[in-house]
Amino acid sequence: VEKVMHNLEINGDRKSVPCLSMYGEDCPVCAVSQAYYKANDDKNGSKYWKKKQHLAQILVVEDPLPADEVSGETHEGQVRFVQLGWQIFEVIKEAFESGELDEVPFAYEGGCNFIIKKTQGAKYASYSVGTKFARTSTDLDEDVIATFELGDISDLLPKNPGREKIETMLEAALTGAEYSDSDSSGEKETEDKDETKVVEKATKVVKETTVVEETEADSDVEDEADDILAQIRLRKKAKAG
């Protein structure tokens, strides 16, 4: 299962918010990111771009890690939810695309164990060396198949917060407008910020943070940011009225 999120800097705090593309909707945060990329501002483009995580459900057949100090238990024989980093996911993806697998790896019979190996580098851990599907297939014992239960992995995905909340948070990230999760309306703006000031400030922020020479692309990112925020404000005005 793919989990898609955005990071937004709001009121000095970093907030992780769901990408509306997960729910089959157009995402305004993606639109802002694409506008920056079109202006050759990769820094801000990547800042607002979506971050993907891959969630999986596994049966742990071997756990070499030390047992829990309190319970004395390991994960061996247990069904666990795991988050696959991009290195591990790329190993799995390459195995499928290269045709190296003779059997469906996740089949109960004829499937292959998947070995995850962690190598500690000077600064970061790596999973790209030694992580692989086993060469030989392994059938699961019938007793094991009969006893373990798979959960619903979709329960790990965040609920759709709604377009209005995402737009309000994006507006706060772009313009510096006040935002509070505790507000019933999903937003909290200072009294001296009318709709025109909000859109003007958003356009100013986009222009100042796009560090490139004045080109047609700069005009595009300004127009797109203006349009996105103007649409947000109009929808809120229509709802309030």
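The values are calculated or read from the model by the stated rules, or taken from the named source; none is laboratory data. Only a predicted model underlies this, so the values are computations on that prediction, with no experimental measurement involved. Here the Cβ positions follow ideal geometry from the backbone for every residue, glycine too, while neighbour counts run over all protein chains shown. The protein model used for the area step is the full one, side chains on, heavy atoms only, and it has no ligands, DNA or RNA in it. Shrake-Rupley method; radii C 1.70, N 1.55, O 1.52, S 1.80 Å.
Can you find a residue that is under 16 Å from the mean Cα position of the chain (by Cα), part of a helix (DSSP H, G or I) and either without any contact (Cβ under 8 Å) to a residue 24 or more places away in the chain or farther than 20 Å from R80 by Cβ (or both) anywhere in segment 144-154?
No, there is no match, as no residue in segment 144-154 is under 16 Å from the mean Cα position of the chain (by Cα), part of a helix (DSSP H, G or I) and either without any contact (Cβ under 8 Å) to a residue 24 or more places away in the chain or farther than 20 Å from R80 by Cβ (or both).
Just the residues that are open to solvent by less than 30 Å² (accessible area, probe 1.4 Å) and of a type in the set (S, T, N, Q), please, taken from segment 24-40.
Result: S33, single match.
Can you tell me which residue among C27, C19 is touching a strand residue (DSSP E or B) at 6+ places or on another chain (Cβ under 7 Å) and more than 23 Å from K118 (Cα to Cα)?
Values: C27 fails: touching a strand residue (DSSP E or B) at 6+ places or on another chain (Cβ under 7 Å).
Of the residues listed, the single one that is touching a strand residue (DSSP E or B) at 6+ places or on another chain (Cβ under 7 Å) and more than 23 Å from K118 (Cα to Cα) is C19.
Within segment 127-143, how many residues turn out to be assigned to a strand (DSSP E or B), open to solvent by less than 100 Å² (accessible area, probe 1.4 Å) and at pLDDT 90 or above? I'd like the intermediate steps shown before the answer.
Here is the first cut: in segment 127-143, the ones assigned to a strand (DSSP E or B) are 132-137.
Remaining after also requiring open to solvent by less than 100 Å² (accessible area, probe 1.4 Å): 133-134, 136-137.
Adding the requirement that they be at pLDDT 90 or above leaves 133-134.
The total comes to 2.
With respect to N160, is the statement that it is open to solvent by less than 80 Å² (accessible area, probe 1.4 Å) and in contact with a helix residue (DSSP H, G or I) (Cβ under 6 Å, 6 or more places away or on another chain) true?
On the way: open to solvent by less than 80 Å² (accessible area, probe 1.4 Å): yes; in contact with a helix residue (DSSP H, G or I) (Cβ under 6 Å, 6 or more places away or on another chain): yes.
Answer is yes for this residue.
I'm checking my understanding of the structure. Among residues of segment 111-126 that are open to solvent by 70 Å² or more (accessible area, probe 1.4 Å) and outside any strand (DSSP E or B), which one is nearest to S16 (Cα to Cα)?
For segment 111-126, the residue satisfying everything is Y124.
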